[in-house]
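Below is one structure, written out as structure tokens; comments come after it.
The values are calculated or read from the model by the stated rules, or taken from the named source; none is laboratory data. Note that the structure is a prediction, hence the values are computed from the model and not measured. Neighbour counts run over all protein chains shown; Cβ positions are idealised from the backbone, glycine included.
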């Protein structure tokens, strides 16, 4: 593939991303973001909309996630939204499935169109891990996902495995299983936020964080992050 074609595809990719972001934020009333009533109104509207046809809305969210993640979108907002819209159980399932597939699409795009670029940007920095992934790419990539991607932002985290040349089946299933613990926590927080907005008359950080639907998943989040640091140290750092 010629450099000019790759450059054209790369620029097109970036333009599509910014257009997609513009469409998303054009529906948000920025001037009312500090108005708690705005969130209560939105919550009521969303519950009615989701309740009318759950399966259609799950499909829309699924397709939205595919596009968002494949365009290097970050994951945390999606997880909060899925928890708010569908609750912690359904939200966890649909977000794990859709984001795993979206990440696979991004990985496939990067492998096909931008392999040289990814190698030039990332190989030198992460070359110390290549020999680990060659030993057992599934187990090490699963550990990589469970460790939160070693602190790498979500978009680059999905592209990084290009330098390891991971099989697509291993990429998908390791991502799917590795995402579950943290995704469940984020969806639980999203579901808790939804319940808080539904019940509260005014917003208060104190009452928010004293809500067990919020502080329990935050405690669990802290525990999982501690475990992730241990995984990072034992599996990756100690083998540099």
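Identify, from the list 109, 99, 105, the residue that is under 30 Å from residue 213 (Cβ atoms) and in a helix (DSSP H, G or I).
Just one listed residue meets the conditions, 99.
Looking at region 62-76 only, could you name the residues that are surrounded by 16 or more Cβ atoms within 10 Å (Cβ to Cβ), without any contact (Cβ under 8 Å) to a residue 60 or more places away in the chain and either more than 13 Å from the chain's Cα centre (by Cα) or part of a loop (DSSP other than H, G, I, E, B) (or both)?
Correct list: 71 only.
Assess whether residue 133 counts as being crowded, with 20+ Cβ neighbours inside 10 Å, assigned to a helix (DSSP H, G or I) and more than 11 Å from the chain's Cα centre (by Cα).
Spelling it out, residue 133 is indeed crowded, with 20+ Cβ neighbours inside 10 Å, assigned to a helix (DSSP H, G or I) and more than 11 Å from the chain's Cα centre (by Cα).
If you go through region 187-201 one residue at a time, how many are modelled with pLDDT of 90 or more and within 14 Å of the chain's Cα centre (by Cα)?
1
Please tell me if residue 218 is touching a residue at least 60 places away in the same chain (Cβ under 8 Å), within 19 Å of the chain's Cα centre (by Cα) and either closer than 15 Å to residue 99 by Cβ or in a helix (DSSP H, G or I) (or both).
Taking the combined requirement at face value, the residue does not satisfy it.
So, in region 62-91, of the ones that are farther than 17 Å from residue 193 by Cα and out of contact with any helix residue (DSSP H, G or I) (no Cβ under 6 Å at 6 or more places or on another chain), which residue ends up modelled with the highest pLDDT?
Out of the qualifying residues, it is 63.
Does residue 133 satisfy the condition of being free of Cβ contacts under 8 Å to residues at least 40 places away in the same chain and in contact with a helix residue (DSSP H, G or I) (Cβ under 6 Å, 6 or more places away or on another chain)?
Considered against the rule, which asks whether it is free of Cβ contacts under 8 Å to residues at least 40 places away in the same chain and in contact with a helix residue (DSSP H, G or I) (Cβ under 6 Å, 6 or more places away or on another chain), residue 133 comes out as yes.
Name the residue, out of 191, 207, that is part of a helix (DSSP H, G or I) and surrounded by fewer than 18 Cβ atoms within 10 Å (Cβ to Cβ).
The unique qualifying residue is 207.
For the structure I just gave you, tell me whether residue 119 is part of a helix (DSSP H, G or I), surrounded by fewer than 16 Cβ atoms within 10 Å (Cβ to Cβ) and out of contact with any strand residue (DSSP E or B) (no Cβ under 6 Å at 6 or more places or on another chain).
Here the answer is yes, as residue 119 does meet what is asked.
Where the second residue is modelled with pLDDT of 85 or more and crowded, with 23+ Cβ neighbours inside 10 Å and the first is on the phi > 0 side of the Ramachandran plot and assigned to a helix (DSSP H, G or I) and lies in region 77-93, which pairs have Cβ atoms under 8 Å and are six or more apart or on separate chains?
87/187; 87/191
So, in region 159-180, how many residues would count as being part of a helix (DSSP H, G or I) and surrounded by fewer than 18 Cβ atoms within 10 Å (Cβ to Cβ)?
Final tally of qualifying residues: 6.
Could we say that residue 171 is touching a helix residue (DSSP H, G or I) at 6+ places or on another chain (Cβ under 7 Å) and farther than 21 Å from residue 101 by Cβ here?
Considered against the rule, which asks whether it is touching a helix residue (DSSP H, G or I) at 6+ places or on another chain (Cβ under 7 Å) and farther than 21 Å from residue 101 by Cβ, residue 171 comes out as no.
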